[in-house]
Structure formats: structure tokens, C-alpha cells
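The block underneath contains the structure these notes are about, expressed in C-alpha cells.
The values are calculated or read from the model by the stated rules, or taken from the named source; none is laboratory data. Nothing here was measured: the structure is a model prediction, and the numbers come from that model. In this analysis, Cβ positions are derived from the backbone assuming ideal geometry, glycine residues included, and neighbour counts consider all displayed protein chains.
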Amino acid sequence: MVIWIILLLMTAAAVMAVLWPLSRHRALAAKQADPDTQFYREQIAEIERDRERGVLLPSEAEAAKAEAGRRLLRATGMTGAGSFAALGEPALRRRRAASTLALSVIPIMALALYGAYGSPQLLTHPPEREAQKPADRLDLMTAVAQIEEHLAQNPQDGRGWEVVAPVYLRMGRIDDAVKAYDSAVRYLGPSPERLANFGEAMVLAKDGLVSAEAQAVFEQAVQMDDTAFKARYYLAVAAEQDGKTDKAKQAYADILASSPEGAPWGEVVRKRLASLGGEPPVAGQGDAPQIEAADIARMVSGLAERLETQGGTPDEWARLIRSYAVLGQRDKAMAAAQRARQALAQDDAGLKTIDAMTRELKLTDAGP
């Protein structure tokens, strides 16, 4: 909008530069003396001086003055008020026409030419980006809705479920992703990669906890391909969460030993191993599974403090217990379960929730 205001002001300035001299033409013309009129008047005065000096006879002087007077009258008649009006009216109409042209036709023609050949969007929208606009305009929600409509009519389309599952993950629809991967496995059949993705979605749905169901999926993937990295990684995490530290360390070490040089998951595995007192982490490439203990640890302290001071719902206590288990802090998880039972002593449904969580986390298991 600002650029158009600036262009409008510049156009107005250019138009005024043209009209200003035209508006002053009549005043200047009126002020200027006609050279013929001035000549004849001086000639008459000169004749009179010659007569007085005796250069001309009186009769000759009168004749010369009469002739000069007639010429003066003719010259005065050509520049008088009536003649000026007769000549000035067409000029005034011409000036008005020029004003109209300058104020309307020229700006309109300029805008028309600019609209046809100009590119006001050139700096912010290069041609290559303009070519990409149709693809960029594809709305993700619309695409997902179309896929969902297709799957509602064709629920056995395993390929469709496999396509939409990672999209659900990126959208944060974790439960929908779990269902989609489950359907993909059911209709396309199990494969190491498909099972590993299914199990990872289950882990994400449990805030990083490798549940018994997810562990069974990862074990099936490893049985099909004992080099499946993602499945082996989450089985190691499951051992760590169960308090089986030696088993987890060995699993992490085996993954590193069998990984190719520069494997993108190496950094994450080294960090997990180092956290258990194994090989210290070294710099490497960091593309790896989506769950890290640090992501869970950030929320645990605040949740624990609030539940201790203000209490909470059974689901919140269960979340705290699960969080401690994900961090491998089984002692704290069991202590949190005990405090939850005390806080929910009068809530039978709440106690059932806590008992179900302790069974899922295998907190009643004895040691590694």
C-alpha cells in the first residue's frame, strides 16, 4: 500500500510540473509589452521631435504622424481586450484539454502498461516459486481427509494405511498412527521395517515406555531380521526400563559393534550406553529413534512436585510412575506407586488404575 501512495504522489508532482507553466501563460502574456505597439509610439514621438527641430515641415509631420497613428491603431486592435479574448478562449480550451489528459489519461495508460508488463511481485515471488505454488497450495488437512475418506470405503487398503500413518505422527495424532500401522501390518503382512514402525508408534503413545505389547512387536521384527536396528534399539531400551542394566548395556554394545562406520544412529546408542556407565559418547551423526530420556526427564520433576503438594488424578499418578520407569528409575517408580495408593486409598477405580500400571511396567518383577 505504501508503494502505491508514493507512486501517486510522484505522478501528481509530474502533472503539476506540466500544468504550472500553462496556468501562468495568460498572466505573463498580459504583462509583456507588444513590440509593434511600442515601435509606433516611439516613431510618433520621434516625428514630433523632428518637427520641432525643423527637420520636417508641419504638413509632412502631420502626414507621417497620421500614417504612424493608423499603424498604431492596427497594432493596438490586434492586442486589445476583444482580440485577446478571441485568441485566449481557444487557448484556454486547449489548456483544459491538456490538463484532463495529464490528470487522467496519462496515469491510466501508465497503470495499464504496468499491469500488463510490470512485475510488482517480482522481488518477493520469483518465477520459480510461482511455478511451485500449485504444489504448495495442497492443504495437508484436505489431503488427509481425502485419504481417510478413501480408507473408510476401502478399509483393507493396507498401502493407504501405511502412507497415512507417518503423516499422523507428524501431526501429533499418535493414537491414529498406532491404528494405521496396525492396519498396515494386518493387511500388508508383517515385515521388519513395518513392525519396527508400528512398535515405535506404540512407544510414542506411551510417552516413551516400551510396553509389553510393543516389546512383543519388536521381538517379532528381530526374529524376521536380526540386523533390524530400530527394533533392537527399543528392545535395549525395554531392558533398561525393566532395570536389567547389564542386558541393556550388552544390547547397546552389540548394536554399535554390528553397525557400519558412520551409522546415523551411533550417537544415540553411545549416549544411552554412556548413561549406563558404558562407553562414553563421541561426536557423530544424530539421526536416530524419536525417544530420548532427556525429553521425559524435563516433565517429571514438575509433575512429581505438584502431585506431592496438591495431589492429582489416578491418570496423573500413573503418568508419573510411567515416567520414572521410562527413565530407568525403577525405585522411584515403585515409590511413586506406593504414594499413589496412599493418596487414592478411598478411590477403588483409581487403585485399579495404579495396579494396572504397575503390572504393565512389570514393577513387581524381581531384579534383572
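Below are the figures for this structure:
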read-out	value
In region 207-243, the residues that are in contact (Cβ under 8 Å) with a residue 60 or more places away in the chain, charged (D, E, K, R) and surrounded by fewer than 19 Cβ atoms within 10 Å (Cβ to Cβ)	Asp207
Whichever residue in region 309-365 is charged (D, E, K, R) and touching a residue at least 60 places away in the same chain (Cβ under 8 Å) and, among such residues, is farthest from Leu209 (Cα to Cα)	Asp365
Selection from region 244-271 of residues that are among the hydrophobic types (A, V, I, L, M, F, W, C) and on the phi > 0 side of the Ramachandran plot	none
Test: residue in region 223-237 that is within 34 Å of the chain's Cα centre (by Cα) and charged (D, E, K, R)	yes
Test result for Arg270, of a type in the set (Lys, Arg) and modelled with pLDDT under 80	no
Test: residue in region 205-212 that is part of a helix (DSSP H, G or I), at pLDDT below 90 and under 35 Å from the mean Cα position of the chain (by Cα)	yes
Failed criterion for Pro314 (all others in (1) under 30 Å from Glu267 (Cα atoms); (2) at pLDDT 85 or above; (3) touching an Asp or Glu at 6+ places or on another chain (Cβ under 9 Å); (4) of a type outside the set (Gly, Ala, Ser) hold)	(1)
Residue in region 327-349 that is modelled with pLDDT under 80 and either assigned to a helix (DSSP H, G or I) or surrounded by 12 or more Cβ atoms within 10 Å (Cβ to Cβ) (or both) present	yes
Within region 285-311, considering residues that are among the acidic types (Asp, Glu) and at pLDDT 75 or above, the one surrounded by the most Cβ atoms within 10 Å (Cβ to Cβ)	Glu308
